[in-house]
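**Student:** Here's a structure for you.
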Amino acid sequence: MSSANSLHVPETHTGLSHADCGKMIIFGTVMKTREIFTSLLIAASLPFQQHAAAETMAEKESRMQWFADAKLGIFIHWGIYSTGRTSESWAFHNGQIPMADYMQQAGEFTADNYDPTGWARLIRESGARYTVITTKHHDGFALWDTRAGDVSAVKTGAAHRDLIAPFAEAVRAEGLKLGFYYSLIDWPREDYPETYRDKPPKYDITAEPARWQHFLDFNNAQLTELCSTWHPDLIWFDGDWEHSAEEWNAPAIVDLLRHHNPQVIINSRIQGHGDYATPELGVPVTRPDSQWWETCMTVNDSWGYRTDDHNYKHPVTVLRMLVDCISLGGNLLLDIGPRADGSIPDEEVAILKTLGRWTSKHAEAIYGTRAGIPAGHVQGYTSLSHDGTTLYIYLPYRPTGPLEVKGLKSRVRRARVVGDGTELDWRLYNDISWSEVPGVYYFDIPHNALDPEITVIALELDSPATLYRGAGQVITANE
Ligand code: FHN
């Protein structure tokens, strides 16, 4: 059954782009070539595997399973910058405001209307399966009661209390996975050699290794507090770009985290020692090389709350980004920015509620799916069920005629609208038994079955999806 236009691709991602994969792709479960791809997979994942040498790929896949299935997470940037007047940390780092003035915003960081239970409920209702909150941004302001330093919501903020503890409890109560954002860089500290553009660093770490070690010890003490107290499911590092893996002593940090939770998932921003890639502010055009990845995205143009940023994305735009990530086999980590008092802007609530309506209706086409088929077979985003026998097609438009699907060698047994149950009629043209080029399907979608935002069609196939990827042929024999 294989031909020059045939290629079997296993369910796990190999780091190869669709284009690399040749001319015909079969989206099966267990294929003969699996071993080959597993080897490639291991090779492609090496940058993210250096520390976890003792972990087999099967063990890693098991550890990463909830993350791979989750598809949607909610990111929260909350800190003293949430007064809305400045960007998070960058404002003083870029010289837009003196550091002392920036830090004074802590006096307005009251958390008076903070409702961690309401936050967690809203996040769950959006359809997200995990959340990642800034425990400390590059400004060094900790949202928990850190004993390692003096800059925190408890000691220096108007809130005068630990803001992470009730959130962690509420997140767990909603059955969500808990992620902590932690900035490795801490620009205001005297023992951190802040450096930016033409500014010389405060000191040279090779000339003053003890001072640098003092800073690393501080970071490790804070990470120990976070991990031993709340055992987060995920650690989301940021700011690694200012130092090498050796300077950060990245393997020791990973050891520390795994000591407290062997199952913890770590993002890639620890100079290659994490588990998954984190493209930022833009859904990738081709699948990232890492088997696991997540695009982090703002709801407007800012990570933290800004009074003057009203450039909110339309909820359907956000939905399209989610579907785009799903179709490429990744997750969307959508950021919200609560105000200093803990209230969440209405526009952000509306986006999360729109996500919630759509994700609850289309759950089967979201959670546990894997990357879809390459572009060109159908006008829309696609994903596949875990076993490859259901092809989901996401339509971010209202079709003006039948939906065309070409190059599909597997036979369609049933076609339906997800979350609606409407069964679809279809026609199959040019289904020529002696040709390796499959016929072309046309599915009729009744307008009353369309979703107001993104309609999802499920094609149930007779076997794991098999595609024709050739350039057509001249038929030299006929019946
Ligand atoms: O500098 C930060 C930025 O403020 C924000 O926290 C984002 C989120 O991914 N990360 C950094 C830049 O990569």
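The values are calculated or read from the model by the stated rules, or taken from the named source; none is laboratory data. On a predicted model such as this, the values are computed, not experimentally measured, just so you know. As a convention, Cβ positions derive from the backbone with ideal geometry for all residues, glycine included, and neighbour counts pool all protein chains shown. The protein model used for the area step is the full one, side chains on, heavy atoms only, and it has no ligands, DNA or RNA in it. Shrake-Rupley method; radii C 1.70, N 1.55, O 1.52, S 1.80 Å.
**Student:** Taking only the stretch 272-296 into account, find how many residues are of a type in the set (A, V, I, L, M, F, W, C), more than 15 Å from the ligand (Cβ to nearest atom) and modelled with pLDDT of 95 or more.
**Tutor:** 1
**Student:** Oh, and also: Among the numbered criteria (1) without any contact (Cβ under 8 Å) to a residue 60 or more places away in the chain; (2) more than 25 Å from Asn94 (Cα to Cα), which one does Tyr203 miss?
**Tutor:** Of the numbered conditions (1) without any contact (Cβ under 8 Å) to a residue 60 or more places away in the chain; (2) more than 25 Å from Asn94 (Cα to Cα), the odd one out for Tyr203 is (2).
**Student:** Kindly indicate whether any position in the stretch 417-435 is of a type in the set (A, V, I, L, M, F, W, C), outside the structural domain of Leu332 (by TED's automatic domain parsing) and within 32 Å of the chain's Cα centre (by Cα).
**Tutor:** Yes.
**Student:** Take the stretch 325-365 and flag every residue that is of a type in the set (D, E, K, R), open to solvent by less than 40 Å² (accessible area, probe 1.4 Å) and in a helix (DSSP H, G or I).
**Tutor:** Glu348
**Student:** Mind counting the residues in the stretch 57-104 that are open to solvent by 10 Å² or more (accessible area, probe 1.4 Å) and either within 24 Å of Tyr130 (Cβ to Cβ) or in contact with a Leu (Cβ under 6 Å, 6 or more places away or on another chain) (or both)?
**Tutor:** 10
**Student:** Turning to a different aspect of this structure: Any idea which of Glu280, Glu247 is open to solvent by 20 Å² or more (accessible area, probe 1.4 Å), over 29 Å from Gly84 (Cα atoms) and not basic (Lys, Arg)?
**Tutor:** Glu247
**Student:** When you check Val285 against the structure, is it part of a helix (DSSP H, G or I), under 15 Å from the mean Cα position of the chain (by Cα), without any contact (Cβ under 8 Å) to a residue 60 or more places away in the chain and in the same structural domain as Arg85 (by TED's automatic domain parsing), yes or no?
**Tutor:** No; evaluated as a whole, the condition is false for this residue.
**Student:** Please give the number of the condition Phe92 fails out of (1) within 16 Å of the ligand (Cβ to nearest atom); (2) of a type in the set (Phe, Trp, Tyr); (3) over 23 Å from Asp301 (Cβ atoms).
**Tutor:** (3)
**Student:** A further question follows. Every residue in the stretch 95-125 that is within 16 Å of the ligand (Cβ to nearest atom), not β-branched (Val, Ile, Thr) and not in a helix (DSSP H, G or I), please.
**Tutor:** Result: Gly95, Gln96.
**Student:** Let me ask something else about it. Taking only the stretch 236-271 into account, find how many residues are part of a loop (DSSP other than H, G, I, E, B) and either more than 16 Å from the ligand (Cβ to nearest atom) or under 22 Å from the mean Cα position of the chain (by Cα) (or both).
**Tutor:** The total comes to 11.
**Student:** Then there is this: Restricting attention to the stretch 438-462, report how many residues are open to solvent by less than 40 Å² (accessible area, probe 1.4 Å) and of a type in the set (S, T, N, Q).
**Tutor:** Residues in the stretch 438-462 being open to solvent by less than 40 Å² (accessible area, probe 1.4 Å) and of a type in the set (S, T, N, Q): 1 in total.
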